[in-house]
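Below is one structure, written out as structure tokens; the observations come after it.
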Amino acid sequence: MYLKNIEVQGFKSFANKIVFQFHNGITGIVGPNGSGKSNVGDAVRWVLGEQSAKQLRGASMQDVIFQGTQNRKPLSYAYVAITLDNEDHKLGIAYDEVTVARKVYRSGESEYLINGTTCRLKDVMELFYDTGIGKEGYSIIGQGQIDKILSGRPEERRELFDEAAGIVKFKRRKVTAQKKLESEKENLVRVNDILRELEKQIAPLSRQSEAAKEYLKRKEELKELDVNMFLLEEEDIAKELKGIQEKYGITSYDLGETLKTYEWIKEEFEKSQKEMERL
């Protein structure tokens with residue numbers, strides 16, 4: 001893996017778009033004082049995610065945007081992209097060539113891109129873990145940084161050695177895993193608290209459930225009794241109706257016989273009347 005090119009536009013002294021082409025084996029950039037060598041290093045550090053304006057030799061992050069000159073207006077944004085040869089796939093991405101870019105506007109908005117796709121700063125940092133190319137890596141040595149490393153605290157030197165040994169990503173993953181573990185432990189405590197509270201509610205709810213079941217059972221039995229009673233009442237009514245119908249038939253027959261007798265008596269009476277009148 002090696003750096004193939006750096007594209008810069010609007011970053012510090014580079015107002016116009018400029019592309020630095022590199023070939024495998026180039027180890028440095030030389031030039032006279034004031035030619036922008038340090039700005040090239042700052043550009044690489046910046047695109048890799050540097051968040052400290054002081055590390056970029058500025059007062060604020062807005063200072064990385066071209067400020068303008070007497071003959072040229074300030075620009076509204078700064079853009080830097082680096083392209084790396086990744087044929088050996090030391091970067092954990094399935095591309096033989098990887099381009100990482102960063103763009104910032106005077107409004108404060110910024111964006112990172114990996115091979116043209118918008119991403120997070122975290123994605124850029126994770127891409128370069130244990131490669132020595134990250135913003136804190138040993139591949140970018142600024143002026144006075146060697147003295148700073150030698151005179152720094154043991155913890156700071158240890159971080160540099162960890163980066164060189166390729167164990168930073170594992171340490172970071174361990175920290176992330178520990179944070180997740182702590183979070184899961186807290187969640188487990190909350191779940192246990194909820195379970196205990198639910199257990200307190202289960203007993204009365206269970207009693208209420210049994211009472212409800214008993215009520216439904218009794219209600220079903222009452223419904224069944226109502227149906228049976230209705231059927232019995234219907235049967236009794238049918239029997240009573242049959243008896244009435246039988247009585248009605250007998251009465252109707254008797255009434256018919258009585259009418260016949262009445263008619264016969266009437267005829268006999270009328271005959272008697274006529275006989276008496278002739279006498």
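Only the coordinates and a few stated rules stand behind these numbers; no lab work does. The structure displayed is predicted, hence computed values, not measured ones. Neighbour counts are summed over all protein chains in view; Cβ atoms, including those assigned to glycine, are modelled from backbone coordinates with ideal geometry.
Order these peptides, 55-64, 251-260, by their mean beta-carbon neighbour count within 10 angstrom, highest first. Walk me through the numbers on the way to the answer.
Working: 55-64: 15.3, 251-260: 10.0.
Per-residue Cβ counts within 10 Å, averaged per peptide and sorted highest first, yield 55-64, 251-260.
What's the ranking of 96-103, 202-209 by average number of surrounding C-beta atoms within 10 Å, highest first?
Going from most to least packed, we get 96-103, 202-209.
Given segment 180-279 reduced to its alpha-carbon atoms as identical point scatterers, what log10 I(q)/I(0) does the Debye formula return at q = 0.12, 0.14, 0.15, 0.23 Å⁻¹?
-0.79, -0.86, -0.89, -1.11
Which of the residue pairs LYS17/LYS54; LYS217/LYS239; LYS4/LYS37; LYS223/LYS247 have a Cα-Cα distance greater than 28 Å in the structure shown? All intermediate terms of the calculation are to be shown ahead of the outcome.
On the way: LYS17/LYS54 25 Å; LYS217/LYS239 33 Å; LYS4/LYS37 17 Å; LYS223/LYS247 36 Å.
Flagged as over cut-off: LYS217/LYS239; LYS223/LYS247.
At what distance in angstrom do the alpha carbon centres of segment 14-80 and segment 180-229 lie from each other?
Cα centroid of segment 14-80 versus Cα centroid of segment 180-229: 69 Å apart.
Can you tell me the order of 40-53, 235-248 when each peptide is scored by its average per-residue count of other Cβ atoms within 10 angstrom, highest first? Write down the numbers at each step before the final one.
On the way: 40-53: 19.9, 235-248: 9.9.
The packing order, highest mean first, is 40-53, 235-248.
With charges set only on the Cβ (+1 for Lys and Arg, -1 for Asp and Glu), what does the dipole of the chain come to about its Cα centre, in debye to the nearest 20? Mind dumping the intermediate values first?
Values: 45 positive and 47 negative charges, 673 e Å.
Rounded to the nearest 20 debye, it is 3240 debye.
If you take semi-axes √(5λ) of the Cα gyration tensor in Å from the coordinates, which of [x] 112, 29, 17; [y] 24, 21, 18; [z] 34, 22, 19 do you get?
Answer by label: [x].
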